[in-house]
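Visitor: So that we are looking at the same thing, I have put the structure below in structure tokens.
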Amino acid sequence: MAANLLISGLPAAEQHRLEPLFERVALGDGEDLVRPGQSVDFIWFIEGAVVFTAQPIPNRPHIAAGLAGNEGVAGFELWLGRKVSPLSTVAGIGGDALRMNADDLQRHVLERPSALNKAIGDFVFHFLTMGAQMAVCLATHSPEERLCRWLQMIHLRTPGRERFPISESQIASFLNMEAHTALLAIRVLEQAGLIQFRDRQVEILDEEGLQEGCCDCLTLFQEQMTRLRGPAQA
């Protein structure tokens with residue numbers, strides 16, 4: 001059974017019909033999936049990776065717009081009927097994914113009745129809602145609260161892992177700050193004993209403390225996640 005929740009939640013017959021269209025791929029840390037202004041050729045159903053979507057800004061760090069683990073996809077632009085995106089999507093934390101090419105998605109999912117069509121739509125709605133709430137979060141919560149929330153969201157999507165790769169530039173994207181300023185928020189969390197940041201790796205030292213340090217947006221995002229996964233998968 002697929003580890004991606006959109007796929008595993010499909011009726012067995014639909015999973016069987018679509019199975020030949022999927023290619024299992026291993027995404028590397030930092031691998032570009034969607035590049036601004038370039039053709040989107042695939043949709044990726046995430047299994048073990050964590051992907052980050054961001055809005056590029058000239059001469060400044062990208063502004064992070066959202067993330068997804070095995071509850072979602074990268075390349076959802078294809079579902080929206082767009083083959084070129086202004087956004088970037090990167091596999092910040094590598095792992096497995098199921099990949100389907102754009103033509104197969106169009107012919108076998110979008111142009112015929114398929115439960116996967118609705119499942120992707122549910123995720124896209126969740127993702128857009130996440131982006132809107134993150135805009136509010138950016139204006140109302142401290143960098144330290146937002147960093148705790150980002151790290152906790154990543155941690156929840158990498159069960160069993162206390163250490164994961166995150167660069168200073170990625171953290172700057174999370175916080176919408178220059179890298180040297182974002183480093184100050186990292187040091188605050190380190191001094192509180194919540195994390196250790198070394199060699200582009202974050203290690204969670206105090207999971208309970210990290211969760212307590214999060215802004216209340218985390219609760220909203222987790223409630224959305226529960227609805228997305230449904231009662232059987234929450």
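Visitor: From the square roots a ≥ b ≥ c of the eigenvalues of the alpha-carbon gyration tensor of region 47-95, which class results: rounded (a/c under 1.5), prolate (a/b over b/c), or oblate?
Guide: Oblate is the answer for region 47-95, as a/c is 1.5 or above yet b/c matches or exceeds a/b.
Visitor: Using θ = phi - 60° and the Karplus relation 6.51 cos²θ - 1.76 cosθ + 1.60, list the HN-Hα couplings for region 45-56 in order, rounded to whole Hz, with x at every Gly or Pro.
Guide: Result, ordered by residue: 9, 6, 10, x, 9, 10, 10, 10, 10, 9, 9, x Hz.
Visitor: On the first, second and third principal axes, largest extent first, how far apart are the outermost C-alpha atoms of the chain in Å?
Guide: 54, 40, 31
Visitor: Can I ask one more? For HIS155, what is the net charge nearby, where nearby means another residue's Cβ is under 12 Å from its Cβ and Lys, Arg count +1, Asp, Glu -1?
Guide: Values: positive: ARG149, ARG157, ARG161, ARG163; negative: GLU162, GLU203, ASP206, GLU207, GLU208.
For residues surrounding HIS155, the net value is -1.
Visitor: Which residue fluctuates most in the GNM of the chain (Cα springs below 10 Å): GLY28, GLY160, GLY72?
Guide: For the chain, modelled as a Gaussian network with Cα springs under 10 Å, the answer is GLY160.
Visitor: Separation between the ALA135 and GLU162 pseudo-spin-labels, each 7 Å from Cα along Cα→Cβ, expressed in nm?
Guide: 3.9
Visitor: Short version: ³J(HN,Hα) in whole Hz for each residue of region 216-224, in order, from phi by Karplus 6.51 cos²θ - 1.76 cosθ + 1.60 (θ = phi - 60°), x for Gly and Pro, what are they?
Guide: In residue order, the calculated couplings are 6, 4, 4, 4, 4, 5, 6, 5, 5 Hz.
Every number in this text was worked out from the coordinates using simple rules, so none of it is lab data. This structure is a prediction, so every number in the text was calculated from the model and none was measured. Every residue, glycine as well, gets a Cβ built from its backbone with ideal geometry; the counts of neighbours run over all protein chains shown.
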